Amino acid sequence: MDWNAIADEISDWIKDYAENAGITTLVIGVSGGIDSAATSTLCSKTGMKTIVLNMPIHQDQSQYELSNLHIQWLQSNYENVEGKNIDLTGAYDAFCEGLSEQQLSPLALANSRARIRMATLYAVAASSNGIVVGTGNKVEDFGVGFFTKYGDGGVDISPIADLYKTEVFALADSLGVIQEIREAAPTDGLWDDGRTDEEQLGSTYSELEWAMEEAKNPSAQKYSEREKEVLERYLELNAANSHKMNPIPVFKMNRRRVE
């Protein structure tokens, strides 16, 4: 597969969408992970003003440094890139303090980090005639729902949402994304213990990609024990997170009803 050609095609798609909408700026958060690195590079390739934000919240130092390293790499290669470092630790702490009387679960706190970052991205976008560019890949956005509703799931366009994670790695390689990011274990950066994506998901991305395809047309052949585990895990996550991936339910009025 010609990933250089695909990269050009995606960048053109981003630029065409923005220009048709009268948008002049692309805004994207970078986490130090492969998805945001690839997507921010695709945005940079458009030639449009691209604002990339590193938004640490009690961040693991290695993730923080990877984000900054990627921003520096973008700025050295693309004149249209503006990097910003916005430390949201204080905002998050104030948020938690305001809810101190409410017992918040670890998951609620993790999702709150993502939602504070989303609000920041939209504040920057609204102040620069911009749109927020999403970084979710196919298995996360449409398979297992591995994103925060109204957090990193709150975006205007999704350039890599039809690419599997393994394809994002191939795309990132063709884009020249720095080796440190391509070799880093994927993580959402929302937990104090630094847990990886695969630790949370219980499967590797390549396994989940297999399961996503297999679930469409289950094979009549016998699965190995590991394949059974992965398929069950995929179906479990898909069902539990369907509320994120499906349209919001809307009550339909029967306007022909006789009063």
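In the range 57-80, of all residues being buried (at least 21 other Cβ atoms within 10 Å of the Cβ) and free of Cβ contacts under 8 Å to residues at least 60 places away in the same chain, the one that is nearest to the chain's Cα centre (by Cα) corresponds to SER67. In the condition set (1) under 30 Å from TYR17 (Cα atoms); (2) crowded, with 16+ Cβ neighbours inside 10 Å, TRP191 is compliant with all but (1).
May I ask you to verify whether LEU53 is hydrophobic (A, V, I, L, M, F, W, C), assigned to a helix (DSSP H, G or I), touching a helix residue (DSSP H, G or I) at 6+ places or on another chain (Cβ under 8 Å) and surrounded by 14 or more Cβ atoms within 10 Å (Cβ to Cβ)? No: the conditions fail for LEU53. Scanning the range 14-38 for residues that are in a loop (DSSP other than H, G, I, E, B) and either aromatic (Phe, Trp, Tyr) or modelled with pLDDT of 95 or more (or both) returns ALA21, GLY22, ILE23, THR24, VAL30.
Can you find a residue that is in contact with a Lys or Arg (Cβ under 7 Å, 6 or more places away or on another chain) and among the polar types (S, T, N, Q) anywhere in the range 29-51? Yes, the range 29-51 contains at least one residue that is in contact with a Lys or Arg (Cβ under 7 Å, 6 or more places away or on another chain) and among the polar types (S, T, N, Q).
Filtering GLY130, GLY98 for residues that are small (Gly, Ala, Ser) and either surrounded by 21 or more Cβ atoms within 10 Å (Cβ to Cβ) or touching a residue at least 24 places away in the same chain (Cβ under 8 Å) (or both) leaves a single hit, GLY130.
Here SER62 passes the criteria (1) small (Gly, Ala, Ser); (2) at pLDDT 95 or above; (3) within 22 Å of ILE34 (Cα to Cα); (4) assigned to a helix (DSSP H, G or I) except the one numbered (2). Among the candidates ALA114, ALA172, ALA125, the residue that is out of contact with any strand residue (DSSP E or B) (no Cβ under 9 Å at 6 or more places or on another chain), more than 17 Å from THR41 (Cα to Cα) and hydrophobic (A, V, I, L, M, F, W, C) is uniquely ALA114. Any chance the range 194-209 includes a residue that's among the β-branched types (Val, Ile, Thr), modelled with pLDDT under 95 and in contact with a Ser or Thr (Cβ under 9 Å, 6 or more places away or on another chain)? Taking every residue of the range 194-209 in turn, at least one turns out to be among the β-branched types (Val, Ile, Thr), modelled with pLDDT under 95 and in contact with a Ser or Thr (Cβ under 9 Å, 6 or more places away or on another chain). The test for being hydrophobic (A, V, I, L, M, F, W, C), over 21 Å from ALA184 (Cα atoms) and either exposed (fewer than 15 other Cβ atoms within 10 Å of the Cβ) or out of contact with any strand residue (DSSP E or B) (no Cβ under 9 Å at 6 or more places or on another chain) (or both) does not hold for ALA38.
The values are calculated or read from the model by the stated rules, or taken from the named source; none is laboratory data. The structure displayed is predicted, hence computed values, not measured ones. Counting neighbours? That spans all protein chains shown, and the Cβs are built from the backbone with ideal geometry, glycine included.
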